[in-house]
1. Go through segment 137-147 residue by residue and turn each phi into a ³J(HN,Hα) via Karplus (6.51, -1.76, 1.60, θ = phi - 60°); whole Hz please, and just put x for glycine and proline.
2. Quick one: ranking Val109, Val100, Val116, Val2 by accessible area, 1.4 Å probe, largest first, what do you get?
3. Determine the order of Met26, Met50 by accessible area, beginning with the largest, at a probe radius of 1.4 Å.
4. Between Arg11 and Arg42, what is the label-to-label distance in nm when each label sits 7 Å out along the Cα-to-Cβ direction?
5. Each residue of segment 107-118 in turn: what ³J(HN,Hα) in whole Hz from Karplus with 6.51, -1.76, 1.60 and θ = phi - 60°, glycine and Pro shown as x?
6. Can you tell me the length gained on complete extension of the stretch Leu54 to Glu18, counting 0.36 nm per residue apart and subtracting the Cα distance?
7. Would you pull out the residues with amide H under 5 Å of Leu153's amide H, same chain only if 5 or more places away, H placed 1.01 Å from N?
Amino acid sequence: MVSWLEEIERREAAARAEISELRSRMEELAGRVAEREAVLSRLEITRETMTEILSGEGAVTVSVDEAAEEVPLPVDRSGAGSPVGVRLVPQWEPGVEADVLPRSYRDVVEVLHDAVHPMRAHHLCAALGLSTGKNKVEGFRSKLKRLVERGWLAEGEPGLFA
């Protein structure tokens, strides 16, 4: 026969175990709530940004976060390029440095700036540690053409690409 003291101790242990389980579940749920709130926040910001961009009202600036480095980018409303009007490679102007470019474009400009002679696209891919396969080089050429179109590079000049 179980004494009344043993019964109370058993109930206390059960209550402690239940409290521990509930606290554990609360922590798990709090983590899940925080994750979903972060997703919701990003979605709200995306909706507001897209509404602002597509409405064409006011000046809009978009930030690109690359390795904790934020680069503000002006929005091009010309309709050319990106379907939402965001231009990741801005037009080059005197006094504008390559640090306004996304990292992959900045690397291209820096390598070509240091070159002593024109470089072909496949040599540039190799210098950047990229694949030199035909399909990859063809895709890379579109990046080079974009830099030429926006005034960052010129074809065939020393230090640029051929």
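1. Working through the residues one at a time gives 5, 5, x, 5, 4, 5, 5, 5, 4, 4, 5 Hz.
2. Details: Val109 20, Val100 40, Val116 125, Val2 95 Å².
Output order, biggest surface exposure first: Val116, Val2, Val100, Val109.
3. If we order Met26, Met50 from most to least accessible, we get Met26, Met50.
4. A separation of 5.0 nm, rounded to one decimal place.
5. Once rounded to whole Hz, the list reads 4, 4, 4, 5, 5, 5, 5, 7, 6, 9, 8, x.
6. Value of the extension gain: 7.7 nm.
7. Sorted by chain and number, the residues that satisfy this are Val148.
The values are calculated or read from the model by the stated rules, or taken from the named source; none is laboratory data. All values reported here derive from a predicted model rather than from experimental measurement. In this analysis, Cβ positions are derived from the backbone assuming ideal geometry, glycine residues included, and neighbour counts consider all displayed protein chains. Ligands, DNA and RNA are excluded from the accessible area calculation, which covers all protein heavy atoms including side chains. Shrake-Rupley method; radii C 1.70, N 1.55, O 1.52, S 1.80 Å.
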